[in-house]
Amino acid sequence: MDVAVSIRNAVKRYGATTALAGVSLDITNNAFFTLLGPSGCGKTTLLRMIAGFEAASEGEILLFGQNIVDLEPHLRPVNTVFQNYALFPHMSVIDNVAFGLRMKGVEIAARRAKAGRMLELVHLSALADRLPSQLSGGQQQRVALARALAPEPKVLLLDEPLSALDLKLRQAMRVELKQLQEETGITFLFVTHDQDEALAMSDRIAVMSQGLVQQVGTARDIYEVPVNRFVAEFIGETNLIDVEVTRVSDGMADLVLPSGQRLRCSSAATATGRHALSIRPERVTVTPDGQLTATVERVVYMGSDLRLLTRLEGGREFTVRIQNAARTAVPEPGARIGLKLEEGAARLLAD
Amino acid sequence: MAGLPRDEAGTAASYASLARPLLLPTWLIIGVFLLLPVLLMVVYSFLTKEFRGGVEWTFTLAAYEQFFVTRGLFGDEPPSIEWTYIIIFWRSIWQAALATLLCLVIGFPTAWFIATRPPQSRGIWLFLITIPYWVNLLIRTVSLRFILRDNGPLNDALIVTGLIDAPLPILNSDVAVQIGLFYSYLPFMVLPIYAAVERFEFALSEAAADLYANRWQVMLHVVLPAVRPGILAGTILVFIPALGAFLAPDLLGGAKAFMIGSLIDEQFRGSQGNWPFGAAISVILMTLVLIALFIQARAASRGAS
Ligand SMILES: Nc1ncnc2c1ncn2[C@@H]1O[C@H](COP(=O)(O)OP(=O)(O)OP(=O)(O)O)[C@@H](O)[C@H]1O
Ligand SMILES: [Mg+2]
């Protein structure tokens, strides 16, 4: 497994603010890798450092083993799909797509043919002679994609390319982007703050917060075995309850629930004492013989499922998601219910 | 509700009827200050010269003939082409074009520099550019005479620094006229280009660099097409007044650097003047300018489509 991009302890400061506080990442070749994090966590900064538009304050960026921090942007074999597309307004769609090849000195017939194939790939052949201003947002987004793919970069950087699209188009483009990545075999480094997007497309995800990488793993990893409170809360929905840990060993922990019941679960924590336990709302069933007891406060109808907003005996809020199936017995508000944790539903967090 | 128009056509019509009286001041200004003077000039160019300046109301083509045709010093030779004025025109066009180019070469980087400063300090830079223009052009041109003359500060400085041994005879040369024209019209180049660069989306130059364009290619393929309207506007704003300028050639160029502006100026001075001839030269100059503008407009619309 080749490493396409290797970031070693990258730091970026803007005066007093620290945008990146020491990021290290290895991005495997031919992978769809996603940087996921809330607004302002430094995703764009990291991407721009790889593209060469920002100089790193500290650290190294290796591209297939070569340190590129001193290379000018136009000498780096990476291309970017910009958040606002940045299409050249005075050039037709096909000229936009052919621009990179033209700068690389590819002669006109060859570059037009290649650009034509790229437009086919993004289903825009019919609009080749239009100007960017004559396209819809979704079409512009595809042109930006084709333009960045045409010179066959070693790594494609995508900065929230779907954020300007409406929900339906965004969902369709997720599938297309993933297909495109598999077809071309180019390493995609995708930036988003939308966790659904990240989970749906990525081979691997790095969750970032406050200029640091919190966790790197597959979608399943970061959803099911989050390492800390931030990741557990940022990815999907979760319930956090305080528990007393009595023993930890080999990534497993023995703990005492507030109800007094004992539980054994996977653990990111390495010490005993008080810790937060994360329980996903959909991994809990309503039965009389549960480990937890709660009072239903509200029932929210969500279409495919129902959300029960409950309060645990200790006073903590706890959300349960149950399927909206015909046989589901829906508890009334005010009812006391038992909650049973499914096998592997709970995860003990490190902080 | 009775007075309100029922449909859109009605609305448009009622606005149109309102527009006519409101446009009256505009038409008055255009008529009195633009059309009337031009018309007067065209009419005068076809009248007969009165002995001590002024005109006689008799139609003649004499002024245009004087411009294009010569019959020798005493008027007894067969008619041939009069080159004197054509050469003055040619010199003027050449001088104005050179000054425009100079303004562009210096003005573009200046405008670029200002437009890429932090927004707070741009105003100050623009202010500095315009400060000299608060002083009357005549006074500034006369001051240039003092700066450029043989024992003026420029030559003194060059001698002190050891770059030259004897003063350069800059004053009363084409170089001095160039300096004067450049100095007079530089802001007219800087300001429109500045406005265009300021509107430029710098994300586009990043996108170009990302697609393997080096600095020059970014400039050529992305920046220049975007700021082209500003460059065209600046070129016109400098070239046209430079073509008709008479202060710089008069005060800095001496007899050798005669330009159209001075020629026209001379025709309306005192009793040696020739009003119809001055008017005819103006008409010819205006025709040339209109042709230049037409070509520019064609170029601009081709660039836009
Ligand atoms: N040019 C700059 N000058 C000063 N601070 C900056 C600059 N660019 C970014 N920052 C700061 O660096 C931090 C990271 O910014 P960045 O643009 O990388 O965030 P992001 O993760 O891409 O957020 P978003 O999802 O909103 O795009 C922010 O706190 C931001 O304010
Ligand atoms: Mg960003």
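Remarks
- Once the C-beta distance of B:Val105 and B:Leu73 is scaled by a Förster radius of 41 Å, the resulting FRET efficiency is 0.40 to the nearest 0.05.
- Helix-only [θ]222 nm of chain A, DSSP H runs n ≥ 4, -39500 (n - 2.57) each, per residue, nearest 500: -7000 deg cm²/dmol
- Within chain A, longest stretch clear of exposed GluC sites (Glu not before Pro) (DSSP loop, no more than 16 other Cβ within 10 Å): A:108-236
- Positive contributions from Lys and Arg (+1) and negative ones from Asp and Glu (-1), summed over other residues with Cβ under 10 Å from the Cβ of A:Arg321, come out at 0.
- Take every pair of alpha-carbon atoms less than 8 Å apart whose residues are at least six positions apart; their mean separation over the length of segment A:275-351 yields a relative contact order of 47 percent.
- Scaling the Cα radius of gyration of segment A:121-168 by the globular reference 2.2 N^0.38 Å produces a ratio of 1.19.
- Under Stokes-Einstein, with the Kirkwood radius over Cα pairs as Rh, the value for segment A:22-175 at 25 °C and 0.890 mPa s is 148 µm²/s.
- Overall dimensions of segment B:136-234, expressed as equivalent-ellipsoid semi-axes from the Cα gyration tensor (√(5λ), whole Å, largest first), are 40, 19, 10.
- FRET efficiency, 1/(1 + (r/R0)^6) with R0 60 Å, evaluated for A:Val69 and B:Leu137 via beta carbons: 0.65
- Two-site label geometry, B:Glu201 and B:Ser271: point separation in nm, points 7 Å out along Cα→Cβ: 6.9
- Modelled FRET efficiency - R0 25 Å, B:Ser121 with A:Ala16, Cβ distances, 0.05 increments: 0.75
- DSSP beta bridges confined to chain A are antiparallel in about 75 percent of cases.
- Within segment B:202-229: backbone nitrogen closer than 19 Å to the A:Ser133 label point (7 Å, Cα to C-beta): B:202-205, B:221-229
- Where segment B:88-267 is the region considered: accessible area per residue in Å², 1.4 Å probe: 49
- Size of segment A:150-255 as Cα extents on the principal axes (Å, biggest first): 57, 29, 25
- Residues considered: A:His123, A:His275, A:His193. Largest GNM mean-square fluctuation over chain A, using C-alpha springs under 10 Å, is found at A:His123.
- Counting every alpha-carbon pair across chain B, the share separated by more than 26 Å comes to 63%.
- Surrounding net charge for B:Ser271, when Lys and Arg each add one and Asp and Glu each subtract one, Cβ distance under 13 Å: +1
- Fraction in percent of alpha-carbon pairs per bin - 5 Å, segment B:102-179: 3, 13, 15, 16, 17, 16, 12, 5, 1, 0
- For chain A, the spread of Cα positions along each principal axis, largest first, Å: 75, 47, 38
- Long-range tail of P(r) for segment B:150-192 (Cα pairs > 15 Å, %): 54
- For segment A:293-351: rounded, prolate or oblate by the Cα gyration tensor [a/c cutoff 1.5]: oblate
- Working from Cα pairs under 8 Å separated by at least six residues, relative contact order for chain A is 15 percent.
- The Cβ shell under 13 Å around A:Thr44 holds other residues with a net charge of -1, Lys and Arg each +1, Asp and Glu each -1.
- Segment A:200-247: C-alpha gyration tensor shape, a/c 1.5 cut-off, then a/b vs b/c: prolate
- Taking every DSSP helix (H) stretch of at least 4 residues in chain B, weighting each as -39,500 (n - 2.57) and dividing the sum by the residue count yields a mean residue ellipticity at 222 nm of -22000 deg cm²/dmol.
- Segment B:88-267: C-alpha gyration tensor shape, a/c 1.5 cut-off, then a/b vs b/c: prolate
- Aspartates and glutamates whose Cα lies under 16 Å from that of A:Lys178, excluding same-chain neighbours fewer than 8 positions away: A:Asp159, A:Glu160, A:Asp194, A:Asp196, A:Glu197, A:Asp203
- Comparing A:Ala164, A:Ala16, A:Ala109 in a Gaussian network model of chain A (Cα springs below 10 Å), the most mobile by mean-square fluctuation is A:Ala16.
- Counting only heavy atoms of the protein chains and using a 1.4 Å probe, B:Val42 has close to 50 Å² of accessible surface.
- Subset of A:Lys12/A:Lys168; A:Lys12/A:Lys114; A:Lys43/A:Lys340; A:Lys168/A:Lys340; A:Lys12/A:Lys154 violating a 32 Å alpha-carbon distance limit: A:Lys12/A:Lys168; A:Lys12/A:Lys114; A:Lys43/A:Lys340; A:Lys168/A:Lys340
- Note on A:Gln210 and B:Ala255: the model spin-label points, each 7 Å out from Cα along the C-beta direction, lie 8.5 nm apart.
- Of all beta bridges that DSSP places with both ends in the protein assembly as shown, some 75 percent have antiparallel geometry.
- Proximal aspartates and glutamates to A:Lys104, defined as alpha-carbon separation beneath 13 angstrom and excluding residues fewer than eight positions away on the same chain: A:Glu152, B:Asp210
- Rg ratio (alpha-carbon, reference 2.2 N^0.38 Å) - the protein assembly as shown: 1.48
- For segment B:233-250, Karplus couplings with θ = phi - 60° (6.51, -1.76, 1.60), whole Hz, Gly/Pro x: 4, x, 4, 5, 5, 8, 4, 5, x, 5, 5, x, 4, 10, 5, 4, x, 5
- Among B:Trp134, B:Trp125, B:Trp90, the largest mean-square fluctuation in a Gaussian network model of chain B, built with springs joining Cα atoms closer than 10 Å, belongs to B:Trp134.
The values are calculated or read from the model by the stated rules, or taken from the named source; none is laboratory data. All figures in this text were calculated on a predicted structure; none of them were measured in a lab. We place every Cβ from the backbone using ideal geometry, glycine too, and count neighbours over all the protein chains shown. Heads up: the accessible areas ignore ligands, DNA and RNA and are worked out on the full protein's heavy atoms, side chains in. Shrake-Rupley method; radii C 1.70, N 1.55, O 1.52, S 1.80 Å.
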